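Rule-based calculations on the coordinates, nothing more; no lab input. Predicted model only: the values in this text are computed from it and were never measured. Cβ coordinates were reconstructed from backbone atoms using ideal geometry, including for glycine residues, and neighbour counts include every protein chain displayed.
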Amino acid sequence: MNQRLLQRRLQLGVAFGLIVGLTSIAYARDALNLDGKPGLYQRVLTRPGAILSASPAPTTGGQPVPPLTVLYVYQRRADWVEVGSAAKDAKTAWLPAAQVIDWRQTLTVAFNRTGGREPALFFREREPLLELLESAQPAARNADLRTAIQRGSLPEEFPVIASEPETYVDPNSQFYLLPILAHEEVFLESGHTTTLLNVAAVTLQPDTPQPLARAARPAVATPADDYRVGIVFVIDTTISMGPYIERTQSAVRRIYNRLKDSPMRTALGFGAVAYRSNIDATPGLEYVTRIVSPLTDTSTDDFLAALGQVEPARVSSKRFDEDAFAGIYEALEQIDWSGYAGRFIVLITDAGALDATDPLARTRLGPERLQLLAQDKDQEHGGSKIAIATLHLLTPEGRNNHARAAAQYRALSRWGDEHLYFPVEGGSIASYGAQVDALADAVLAHLESVHADHTTVPEPDIAQTNPAQTEIARKTALVSRAIQLAYLGRRQGVRAPSLIDAWVADGDLANPSQRPLEVRVLITKNQLSDLQETLQAIFQAGEQTFMTPKDFFTQLRGAAAVLARQPERVNQIAVQELADVGQIGAWLEDLPYTSQIMNLTESRWLARSYAEQQEVLDAIEEKIRLYRQIHDETDRWVSLLPDAPKGEAVTTIPLDALP
């Protein structure tokens with residue numbers, strides 16, 4: 001066995017052994033199912049720095065887990081997941097949800113043999129890769145990238161962050177994992193179709209399988225005074241918002257006083273955008289949006305003076321909803337964010353937003369589109385994507401509007417799998433003040449810790465007693481931490497994250513007809529046995545009804561009931577197509593794979609001639625033989641955790657090996 005993999009297994013065994021020894025977890029348990037898919041289980045991949053705990057609480061004695069370890073999820077509690085090495089009756093421990101990646105589709109990438117082509121290149125972002133593929137001379141641009149890599153000392157903005165190793169690694173004999181997190185099929189002007197794959201991989205470090213080589217970069221200094229954070233308040237200034245505007249002024253004034261004699265007074269900037277609603281419908285509102293202040297650091301009182309001039313409208317809008325999305329768009333596009341590594345928009349409102357279809361809306365953009373615009377700010381002027389937080393005042397007057405508005409603002413305030421949507425129950429001025437203070441304090445505490453030791457990424461330090469304040473402080477601290485990681489990565493930094501999150505094309509960049517990558521499925525022995533058992537049942541039903549093909553689907557209903565361990569329900573189980581037998585259909589439906597066999601319905605089956613029906617059965621029989629062969633190749637099966645049952649040993653198979 002690969003020495004690195006053996007060491008990895010020993011580390012994991014020690015980690016789980018120590019943790020589970022501290023717990024008293026009941027056995028006879030199953031991992032959580034995927035939604036609506038009994039028998040298919042939730043899995044996660046660990047991020048670098050993941051630490052196992054005996055309970056869902058921070059610990060100083062936890063055990064580290066190697067990056068990209070595949071684990072089953074047994075329980076989700078707040079911001080923690082309980083994980084184990086097998087789908088049933090596993091020893092379990094806890095990991096913070098922020099330290100894992102949900103892996104719904106167990107797809108991975110393997111490299112095809114390298115003869116006759118260049119190594120695959122992995123891009124930091126999707127857009128530069130797509131731009132290259134759609135350019136007039138993709139081969140020439142590809143050659144330029146490879147020449148730059150060979151010369152070394154790459155510029156900071158270089159789009160390629162890793163490349164395929166020069167020598168071929170056989171995944172059947174030397175197991176490695178390049179999990180696919182997302183995929184997108186694109187049609188190129190050349191007439192070729194290619195798939196863009198978002199993959200994860202561990203960079204070069206001891207004791208882990210290394211499928212990728214990081215592209216070399218020059219060392220870049222990261223002076224602490226280069227790390228700046230900008231916060232732009234987008235404030236609803238309609239008639240009901242007067243007290244909240246005053247309390248926002250108070251929160252900012254407190255931060256100003258804290259920084260006025262600090263060397264960091266130029267490291268934190270504030271800006272503000274005011275918004276109301278359509279002035280054609282209600283001219284007395286005076287404006288739809290207005291930039292109250294550009295981003296201004298706290299070395300002067302300019303921002304405080306500008307914010308002090310903000311007053312609520314004197315007339316009511318035509319509707320309860322206001323044009324919040326116009327305010328967000330103004331902050332994204334009209335505020336100069338250059339020079340700020342950390343970027344926050346804080347939306348403050350007691351109403352919903354005019355949606356994209358509303359004739360009174362100015363931008364005609366919805367929350368999802370605005371989220372994309374915020375993400376597009378990544379890499380612009382050396383900054384990160386903009387995090388949008390929403391403080392939603394749930395006043396009694398808006399009770400009929402709360403649910404709709406909350407859905408809008410959760411979508412607007414997404415950050416990865418989290419959201420930065422913070423409701424203020426009852427619209428209390430005191431509660432709002434405490435929450436806006438908590439948010440500002442969390443950003444400031446992060447900034448202070450970065451300037452104290454800018455090469456580390458501080459853990460969130462949450463010491464709030466109020467649950468709403470704690471939630472704001474926790475999420476703001478986590479987002480700030482992610483922003484700093486991106487900053488360090490751009491600076492080639494000092495302790496940059498060891499997990500590569502990259503985009504790669506499954507077609508060769510110079511010649512899309514060649515395929516440097518092969519999409520494979522990570523499969524356990526248990527899953528392979530289930531596939532084989534299901535195909536065997538379909539094959540037998542076909543053999544038994546070859547003289548009476550109209551009875552084929554009747555036989556399949558019986559087989560489906562047996563495989564579901566519910567033979568008493570033979571006449572109740574519907575089999576509309578072959579994929580309804582066993583778990584194959586549920587397993588295949590989320591994969592970028594269309595099965596000509598498993599999609600067969602009864603009408604299509606009966607429309608086939610006897611010879612065509614036999615061809616289907618022959619193909620199924622061929623898959624059964626293939627699965628037996630894979631099952632019996634003992635050298636290709638790898639146990640990712642030493643305490644996992646034999647049935648949880650894994651291998652990868654090509655996508656076209658599926659039925």
Three semi-axes of the equivalent ellipsoid, the range 46-93, Cα gyration tensor, whole Å, largest first: 16, 14, 10
Take the residue pairs K91/K475; K88/K623; K525/K623; K550/K623; K260/K385; K260/K475 and return only those whose Cα atoms are more than 22 Å apart. K91/K475; K88/K623; K550/K623; K260/K385; K260/K475
Please express the shape of the range 120-159 as an equivalent ellipsoid: the semi-axes are the square roots of 5 times the eigenvalues of the C-alpha gyration tensor, given largest first in whole angstrom. 17, 13, 8
Indicate, rounded to the nearest 5 percent, the antiparallel portion of the DSSP beta bridges found entirely in the range 227-490. 25
Please find the FRET efficiency linking I239 to D301, where r is the Cβ-Cβ separation and R0 is fixed at 35 Å, and quote it to the nearest 0.05. 0.80
Counting other C-beta atoms within 10 Å, which of M547, M241 has the fewest, and how do the rest follow? M547, M241
Viscosity 0.890 mPa s, temperature 25 °C, Stokes-Einstein D of the range 227-490 from Kirkwood C-alpha radius, µm²/s: 134
Relative counts (whole %) of C-alpha pair distances in the range 613-659, using bins that are 5 Å wide: 5, 18, 23, 20, 15, 9, 6, 3, 1
Of E286, E633, how do they rank once you tally other Cβ atoms within 10 Å and put the fewest first? E633, E286
Counting other beta carbons within 10 Å of each Cβ, put S428, S85 in order, fewest first. S428, S85
Counting only backbone N atoms under 20 Å from a point 7 Å out along Cα-to-Cβ of D89, the residues of the range 524-544 in range are 524-530
Within a Cβ distance under 12 Å of A356, other residues only, what is the Lys/Arg minus Asp/Glu net charge? -1
Gain in length, D632 to R604, computed as 0.36 nm per residue apart minus the alpha-carbon separation, to one decimal in nm? 6.6 nm
